[in-house]
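As structure tokens, the structure follows; a few thoughts come after it.
What follows draws every value from the coordinates through simple rules; no lab data is involved. Computed from a predicted structure; not experimentally measured. Positions of Cβ are generated from backbone atoms using ideal geometry, with glycine treated the same way; all protein chains shown enter the neighbour counts.
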Amino acid sequence: MSGDLGSGKNTLGLLKWLFSWFVDLEPAQLKMINFYVRKTGHVLAYGLMNLLWFRAFREQAHYGLWRACLWSLGFCLLFSSMDEGRQWFYASRGASISDVILDMSGASLTALLTLLFWTPHPKAVQISGGTGRQTRRWG
């Protein structure tokens, strides 16, 4: 969505069409809803991105809790900066530090919640042979 397709004009048109099925809103109301939907999208997208990076670092790279959290935040900052920098080149878009701050707010909130509530599941290893299914918990 960082290209021309995700511009405010295009999302406003989509929201106008969507809301036309339910209510008749004033243009100022639609613009306000468009603004908040777009900003909420930043927070949610980068919150999800942080969670996915965290899981990747924990499960694939076998990083500890804090290390995985910091690396995932670093990658979110890198992608957010690159995304906003890319938008600089579109006439319908514009780069914004406030959007990077919003992105990192979503990523940081997810990181905080992950640190508070993450409980890793013990890995189950299948042991072949014998009768039935046998598993041994490694933990």
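Which order results if 83, 103, 24 are arranged by neighbouring Cβ count within 10 Å, fewest first?
On the way: 83 18, 103 24, 24 7.
Going from sparsest to densest Cβ surroundings: 24, 83, 103.
What is the sum of charges around residue 61, taking Lys and Arg as +1, Asp and Glu as -1, for the other residues whose C-beta is under 12 Å from the C-beta of residue 61? It would help to have the intermediate numbers written out before the result.
Values: positive: 55, 58, 67; negative: 59.
It works out to a net charge of +2.
In straight-distance terms, cross-link reach from residue 9 covers every one of the aspartates and glutamates whose alpha-carbon lies under 19 Å from its own, apart from those fewer than eight places away in the same chain; here that gives 24, 26, 83, 84, 99. Against the empirical 2.2 N^0.38 Å (N residues), the range 9-55 has a Cα radius of gyration ratio of 1.46. Charged neighbours of residue 103, selected by a Cβ distance under 9 Å, balance to -3 (K, R count +1; D, E count -1). Taking only the Cα atoms of the range 1-120, the ratio Rg/Rh comes out at 1.08, with Rh defined as the Kirkwood radius.
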